[in-house]
Each structure stands twice: as structure tokens, then as C-alpha cells.
Amino acid sequence: MKSLFRSFFTVSFYTFLSRVLGFIRDILIARYLGSTIITDTFFVAFRIPNYVRSVIAEGAYSAALIPVLSGLVLNKTDNREASDFVENTTSILFLFTLFLTIIFFFGMPFIIQVLAPGFTNNKEAFELAVYFGKITFPYIIFISLTAHFAAVINVHEHFAAGAFAPAILNLNFILSLFFLTPYVTTAGHALSYGVLIGGVLQFLYLYRAVLNFYRPRIQIPVLNEKVKKFFILFLPGVIGSGVIQLNIVIGTIIASFLPIGAISHIYYADRLNQLPLALFGIALGIVLLPSLSKAIKQSDTDKAHNIQNRSIEFSLLISLPSSIGLFILAEPIIHTLFERGAFVEEDTFYTSKVLSYFALGLPAYILIKVLVACYFAREDTKTPLYISIISVICNVVLSLLLIGSMREMGIALATAISAWVNTLLLFLFLVTRNHMKFDNSLIKNSIKILISSLIFFLILNGLNEILYTDISEKSLFLKLILLPTVIFLAIIIYLGIIIMLRVLSINQLREYLEKLKW
């Protein structure tokens, strides 16, 4: 377990670094573009390769590759077999994404009509979205190979390079805004070129990292037994990942019919909501899958159950206060980070409301990452697929019901509710199949965490009422000092509560902090 959490903190640290750069990027975008037609069209265009990347590479691809490669790595009698498997999967992914890029490049007008049908009545928005989409989509080739190489080195318990790679993209976004904008039509054009350049740089960085273990080359793929097994796991998983990511696409499609700015409001809010999800949920899922896969392949049931229980316990410990913090402090966070330049008071109002509703689903988003890994480690990609289909149907129905009265806030609330439906069904099937057994420690600590979170909610709500009643009248300097101070104070308060209730002892906290010294 020590190595599991050590790896977790490694991934979280580099993810935090990437997210800090991402926030700087978003602050700059909000400062120069606000919630305008250029911003909306860029976010729609960038969502296309991001969606394909999430479906093909990061979700189902890793879930299928890691269990198969873990078995080959554990069987050290034939390292060549593992090397051949890496080369075959690399070649398949490259050829497939190259083919996909060609199709999407020429079919981009049709793709935009599907993803943002509301743009068809706005010629400027439609043409910009198509143009940005053609520039950004080749990014899928490089980021898919980047995610592939990250999964390969994760099997060998080297997590730092894969976790750091997104920081390269965010840094490239920032540099593109400053250095490319003067030479292109708009900052949106600079960002689009920045996507492609960032993808190439990420690929080169991860390729160098994977050379420590393999030297993958592009070749004509050989469909041997291991590759066939990979596809048996991959195909249901890719559909499942696609269905999950479809929630985001559905939100974009519906938001395209709303007034200009709605897509941007959802984007900015989602970026903030993604911070704890990336730091804890995604990081924990990345580290959990290889460790759990190896424990299951070694038939170590007790170790597998222990890893699952501690992961869920840790997820609740982090996600509940994060959700409460984002829900209560949504308006001061958005106001402090974004309200300047082209990002006006109305944008703050809508974006903060969207963030509050997204935050209601944050514990579910994080638990889904952990629970899905429990299925994938057992080479079961079909069950999460069926569950995710139910979740998407729930999201579509709720979005259509709520959008009329709640605008983009309805999309966020529908996403949160459908995430909880997904989480509960994943739990139910794991328990009924005896793949998850709650130990006494998890049950007792879960109750204590709920009590701690309730106390934390009352205290933080009081602080918000006292400190942020007149936020618009405060100076920018004071607001920039106040926000991190309040967040730091909230963390100290929560730590104090969980220590008093003996959810976490001083010695355990010291052990967690020592794991940061890798």
C-alpha cells in the first residue's frame, strides 16, 4: 500500500503542476477572449480531438492494454513477447488515428453541424469552428500515442512522465497566446496552432520516456493471441468510454442553442471542477489499475480487497470536502480568477452557478474512476459499458427537462445526477459479484468522514457569509490574497476535524506527507 500511495502522490504532484499552468492558461483566455464567439468556437473545436482522445486512448485503451501487458511483464521468461505486444499496439493506434484524422479533416463541416447544430444559423461561428477543428484534429495522432506510451510505462510503475505530459500542452498554450497571437488573425487561431504543437512536444517527451523499456517502431501489425485479447477487452471498453464522454458532447450540443457564452461558461466551470478530479480521481485510477491488475493475476484476493477499500476510503476523504468547497466558494473563485477584461459580471454569475451544480457530482466522478478500475483490472469492460449507457440516457432526459428553466445550469445538474446513478450501479454490481467486500475500517471511517464533511460545510458556509458579502468592492490585490487564505484555512479546519474524529491520526498524516518526498 505504501508504494501505491507513493505513486499516487507522484501523479498528483505533476497533475497539480499541470493544472496550475492550465488555470493560468484559462485566466489568460478569459482575460483576452472572455465568453465570446471566438472562445465558444475554439472550445467546440478543441473538444473534438479531446473527445476522441478520451474514448480511444486514455480510457478504454489503457484499460485493455494494462491488464494484458501486466501479465506479460509479470512473466519475465520472454521479454520479447512484451516488446512485440507494445510494437503491435503502437502501430495499430498510429494507423487508426491517422486514418481518423484524414476522415475528420475533410468531414469537419459535417462534424461541426452534429456537435454544435446551433452554429449553423451563425455563419461566422460555423466557419470559425470548422477552421479551428481542421487545425486541432491532427493533435489526436500525437496525444493518442502519448497516452499509449504513458500506459506502457505505468505498467512498470513509472508514473511521473505520463503525469507531467499535460503540463507541456498547457505551457504551450500560454506561450502561443503571447508569441503567436501577434502573427495570426485572433488569439483563437493562436490557441488552435498551440494545440497541434503541444501534441507533438508531448509525444516526443513520452517517446523518450518509453525508450527506457522498449523501442517501439511502426510496422505492419501482427494479430497474435495477445493482440486479439487486447481487442476483446478494448472494443466494449471503447464503446463504454465513448458513452461516458458522450455526456460532455450532449452538453455541448444542447448549449450551442443557448445564447453565446453558454459553452464557455460550462468550459470554465468544468475546468475548475476537473482539478480535484484530476488530482485525486484520475491519479488514483491511473495508479490503482496496474497494482490491482497484478494482485488479481497473482490471486491475492485479500490484497485486492484491501487496495479497493483504501482507495474508496481515500476518495471519500478528499472528494467530499472538495465538493463542498467548490459548491460554497464557486462565486468568489470565479470572480477572483476570471472577472476582468472581456469576462464580465454576467459571466461570473452563470459560470459560478454551473460550477456549483457540477460540484454536487464531484464525489461520484472520483469514485467512478476508482470503481471502473476495479472492473478493468478483472478484464471486465462490458459491465461499465452497460452502466454508462444507462447513465447517458439519464443525462439526456434530465438535460432536456432542465435546460428550459435552468439554461446551462440544467446541463451541469443533469451531469451530476447521472454520475451518481453511474456510481451506485457500479457499486451494486461489484458487491453482488463478491468483487468488493467492505471492511470495518472503511465502514467506520466513511461514517466519520460524512460527519466531518457536515461540520466542514457549516463552518465554511459561515466563513463565506462573513468574508465574501461585498466581494466586488474589494481590491484585486485583497481578493488574490483572500482566496488562497480561505482555501488554506478550510484545509486546516477539515484536517483538524478528521483528526479529532480519529479518521486520520497525526502519525498517518505524517506518513502521507513523507510520501511526497520521492
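Restricting segment 202-214 to residues that are in contact (Cβ under 8 Å) with a residue 40 or more places away in the chain and in a loop (DSSP other than H, G, I, E, B), which is farthest from Leu69 (Cα to Cα)?
Asn212
Considering each residue of segment 116-124 in turn, none proves to be touching a Gly at 6+ places or on another chain (Cβ under 9 Å), open to solvent by less than 30 Å² (accessible area, probe 1.4 Å) and assigned to a helix (DSSP H, G or I).
Helices (runs of 4 or more DSSP H) fully within segment 313-413 that include at least 3 residues being at pLDDT 85 or above and under 19 Å from the mean Cα position of the chain (by Cα): 345-360, 362-376, 382-406.
Conditions (1) open to solvent by less than 30 Å² (accessible area, probe 1.4 Å); (2) touching an Asp or Glu at 6+ places or on another chain (Cβ under 6 Å); (3) not in a helix (DSSP H, G or I), marked per residue:
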{"position": "Ile447", "(1), (2), (3)": "no, no, no"}
{"position": "Leu450", "(1), (2), (3)": "no, no, no"}
{"position": "Ser453", "(1), (2), (3)": "yes, no, no"}
{"position": "Ile459", "(1), (2), (3)": "no, no, no"}
{"position": "Leu463", "(1), (2), (3)": "no, no, no"}
{"position": "Thr469", "(1), (2), (3)": "no, no, yes"}
{"position": "Lys479", "(1), (2), (3)": "yes, no, no"}
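Has segment 69-77 got any residue that is open to solvent by 10 Å² or more (accessible area, probe 1.4 Å), modelled with pLDDT under 75, farther than 21 Å from Leu180 by Cβ and within 24 Å of the chain's Cα centre (by Cα)? Looking for residues that are open to solvent by 10 Å² or more (accessible area, probe 1.4 Å), modelled with pLDDT under 75, farther than 21 Å from Leu180 by Cβ and within 24 Å of the chain's Cα centre (by Cα), one finds none in segment 69-77, hence no. Condition check for Gly404 on (1) farther than 29 Å from Leu317 by Cβ; (2) small (Gly, Ala, Ser); (3) touching a residue at least 12 places away in the same chain (Cβ under 8 Å): one failure, at (3).
Based on what the data block shows, is Phe85 hydrophobic (A, V, I, L, M, F, W, C) and in contact with a Phe, Trp or Tyr (Cβ under 7 Å, 6 or more places away or on another chain)? First the steps, then the outcome.
On the way: hydrophobic (A, V, I, L, M, F, W, C): yes; in contact with a Phe, Trp or Tyr (Cβ under 7 Å, 6 or more places away or on another chain): no.
So Phe85 does not fit the description; no.
Residues in segment 160-182: is at least one of a type in the set (A, V, I, L, M), open to solvent by 40 Å² or more (accessible area, probe 1.4 Å), closer than 19 Å to Ser18 by Cα and within 19 Å of the chain's Cα centre (by Cα)? Spell out how you get there, then give the answer.
Within segment 160-182, the first condition is being of a type in the set (A, V, I, L, M), and the residues that meet it are 160-161, 163, 165, 167-169, 171, 174-175, 177, 180.
Filter once more, keeping what is open to solvent by 40 Å² or more (accessible area, probe 1.4 Å): 171, 175, 180.
Now restrict to residues that are closer than 19 Å to Ser18 by Cα: 171, 175.
With within 19 Å of the chain's Cα centre (by Cα) added as a condition, the list becomes 171.
Within segment 160-182 (the criterion being of a type in the set (A, V, I, L, M), open to solvent by 40 Å² or more (accessible area, probe 1.4 Å), closer than 19 Å to Ser18 by Cα and within 19 Å of the chain's Cα centre (by Cα)), the answer is yes, since at least one residue qualifies.
The values are calculated or read from the model by the stated rules, or taken from the named source; none is laboratory data. Note that the structure is a prediction, hence the values are computed from the model and not measured. Quick reminder, even Gly has a Cβ in these numbers, built from the backbone with ideal geometry, and neighbours come from all protein chains shown. Side chains are part of the model used for accessible areas, which takes the heavy atoms of the whole protein and leaves out ligands, DNA and RNA. Shrake-Rupley method; radii C 1.70, N 1.55, O 1.52, S 1.80 Å.
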